[in-house]
Amino acid sequence: MREEGERGKKIVIEGAAQFSEKIKEQAKLAAEQEAKKVMEKVKSDVADLITKAAKETLKKDMTEKDQERLIKGFLERLELN
């Protein structure tokens, strides 16, 4: 009877250990997925901020002559293709 109790105890402990490992692995996976999602959001936000800053810089620093030169270069490249 005592041996059966010890075996039952051992089975319960092993089952709990396996369950605990599964939960740890699931938590690790969830954390990795969340971190990946956050990094993608950060990358997107940084790209948006860089684009906005570049637009503002161009608006502020670009002269009419610069704009004409850019448009002319763009049109020349279009004609080559």
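Laboratory data are not the source of any read-out in this text; all were calculated from the coordinates shown. Predicted model, so just to flag it, every value in this text is computed and none were measured. We place every Cβ from the backbone using ideal geometry, glycine too, and count neighbours over all the protein chains shown.
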Can you work out ³J(HN,Hα) from phi for every residue in the stretch 12-20, in order, using Karplus 6.51 cos²θ - 1.76 cosθ + 1.60 and θ = phi - 60°, giving whole Hz and x for Gly and Pro? 5, 5, 5, x, 5, 5, 5, 4, 4
Taking 0.36 nm per intervening residue step and subtracting the Cα-Cα distance, what contour gain separates residue 74 from residue 27 on full extension? 11.7 nm
Please work out which option in (1) 1.64; (2) 0.97; (3) 0.91 gives Rg/Rh (Cα atoms, Kirkwood Rh) calculated from these coordinates, and answer with its label. (1)
Translational D (Stokes-Einstein, µm²/s) of the stretch 1-44 at 20 °C and 1.002 mPa s when Rh comes from the Kirkwood sum over C-alpha pairs? 165 µm²/s
Angle, helix 64-80 long axis vs. longest principal axis of the chain, Cα atoms, 0 to 90°, nearest 10? 80 degrees
Under a crude label model (7 Å from the Cα following the beta-carbon direction), how far is residue 2 from residue 36 in nanometres? 5.3 nm
